[in-house]
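Everything on this sheet refers to the single structure shown next.
The values are calculated or read from the model by the stated rules, or taken from the named source; none is laboratory data. Source: prediction; values computed, not measured. Positions of Cβ are backbone-derived with ideal geometry, glycine not excepted, and every protein chain shown enters the neighbour counts. Side chains are part of the model used for accessible areas, which takes the heavy atoms of the whole protein and leaves out ligands, DNA and RNA. Shrake-Rupley method; radii C 1.70, N 1.55, O 1.52, S 1.80 Å.
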Amino acid sequence: MMQPILALEAAPEVTLGSFAPLLVAVAMWVGFVVYGLWGLRTHPKGLAPLFFTEMWERFSYYGMRALLMLYMIAPRGAGGLDLSKEWAGVIYAFYTFSVYGLSIPGGWVADRFLGYRRAVLVGGILIAIGEFGLASGPIALFYLGLALIAIGTALLKTNCTTLVGMLYPDNDSRQDAGYNLYYMGINIGALIAPLILGFMAQQPAFAAALGNLGWAGANGWHWAFGFAGLAMVAGLAQYSLRHGVLGEVGLQAGAHAGGRNSSAAEVRLTAGERSRMWVVGILVLFIMTFFFVFEQAGTTLNLFADEHTRCAIGSWAFPSSWFQSVNSIWLLLLAPIFGWVWLHLGDQEPSSPAKFTLGLLFVGAGMLLLVPPSLAYTANPALRVAPWWLVGVYLLHTMGELCLSPVGLSTVSKLAPARYSGVMMGVFFFAIGMGNMLAGFAGGFSERLAPATLFGGLFVITTVMALILIALSGTIKRMMYGVR
């Protein structure tokens, strides 16, 4: 049985077979990239560089996130920081909150000063430097690296998402599909990153291979963080080389976007615009609740995989961090199906509030699914439960994500007045950040609650919030002034 932390343990002879699962994962990634390119054909040319910029940024982020909690609690002999779970949870909470919570100032800086395209470039540079800080090893550079990644993500992710909406004319029927493709790029990066970086950090074969090359004692965690930095550099390179296809989109700050004059930002909001902005504020509460539960993936679910799950299928063992890719695999398989369903429902397609409700119910059901195995290993602490429990959880969470997250991006883009696009998209990501922070605290203090109580409580919270949203749906739809 594979041990929870395998960063620097001795390994048997390294063969090509040791790397076979990784090669299969890379082949899957190539296939999804080709599929994404096929879908981009009918969309504005500017979507392609944004698609790949976000793909590499998410590779960098999700690869590092899959390892962060495990790296912080790993003993120093295994290359980690040897922090307590509580302190690691606090660091994780404030880091992940900052990544998304700083999106409001990130959007504001682009709206008022940098312009959206320059903000994306500056953000990517800061992310790469931050990842290299984590890779360098010293604890001071670890904390500095986390800060730089948070600031860089606030600039890049918020404004790259805003640029996607700017590519489409008003009422362009392709916009929702464009955001679905963009979201696919996010998940292509999120799929492959934990597989590659988790292999580098946790698999003995990688440390042994480095030893054979003369780097005996190399720290697999640091190599993984360094590779995440190189991924961001790759994203910046293609963005810089292909920025011409964006034309004039996003070159100027928000006050000048779309040919507006310098006084456009001072124009008073109409009653409809104010009402739609209030809708974004209301939906923030439900977005935050969803991501509080969904982002348990990086904390309690990551620890559940590492400490209580049998990380093997038959005789094939794999790193616990590989579970972090299951969500993306499900998403890439299910996204075309959900897209087809929404399209063919036509006028009967559920409204945005209805989709948000479904998202909350699905993510809560995923938590409920973990109650039986939690009771089982509480009764027998030596038990390692089957991996299929987590696979099922991630299936339900992915279904919830497809109902809420890409829909949320598109809804905010439609509801936000053009001159406040960056800030309003920042509000969306701020809600995600609050959910991440709560998830981090839950992971840090998970040992104080019985697992079944924790997961059952999360199910109750999401169900109650879904019922509240159902009660408010009629009012919210009226406040949206025709936006679905």
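Computed with the Debye formula from one identical point scatterer per Cα of the stretch 267-352, without solvent, the log10 of I(q)/I(0) at q = 0.13, 0.17, 0.22, 0.26 Å⁻¹ comes to -0.74, -0.96, -1.10, -1.18. Per residue, the average separation of C-alpha pairs within less than 8 Å and at least 6 apart gives the chain a relative contact order of 26 percent. Once the other residues with Cβ under 14 Å from the Cβ of Asn159 are scored (Lys, Arg +1; Asp, Glu -1), what is the net sum? With Lys, Arg at +1 and Asp, Glu at -1, the net is +1. With 22 Å as the limit on Cα-Cα distance, the pairs of Lys414/Lys477; Lys45/Lys157; Lys45/Lys477 that go past it are Lys45/Lys477. The convex hull drawn around the Cα atoms of the chain, when projected onto a plane and averaged over every direction, covers 21.8 nm².
The charge dipole of the chain, taken about its Cα centre with unit charges on the Cβ of Lys, Arg, Asp and Glu (plus for the first two, minus for the last two), comes to roughly 920 debye.
The residues Asp172, Asp347, Asp82, sorted by heavy-atom accessible surface at 1.4 Å with ligands and nucleic acids left out, run Asp347, Asp82, Asp172 from largest to smallest.
Counting only Cα atoms, the size of the stretch 329-481 along its three principal axes is 56, 32, 28 Å, in decreasing order. Which value in deg cm²/dmol, rounded to the nearest 500, describes the helix-derived mean residue ellipticity at 222 nm for the chain, given -39,500 (n - 2.57) per DSSP H run of n ≥ 4 and division by the residue count? Taking each H run of at least 4 residues, the total per residue is -24500 deg cm²/dmol.
As an exercise, use a Förster radius of 45 Å and the Cβ-Cβ distance of Ala147 and Ala418 to find the FRET efficiency, rounded to the nearest 0.05. Here the calculated transfer efficiency is 0.90. Note on the stretch 170-214: Kirkwood hydrodynamic radius from all Cα pairs is 13.2 Å, rounded to one decimal.
Would you mind getting me the FRET efficiency between Ile129 and Ser84? Use the beta-carbon distance for r and R0 = 22 Å, nearest 0.05. After rounding, the FRET efficiency stands at 0.20.
Counting Cα-Cα pairs of the stretch 307-365 in 10 Å increments starting at 0 gives whole-percent bin shares of 17, 34, 26, 16, 6, 0.
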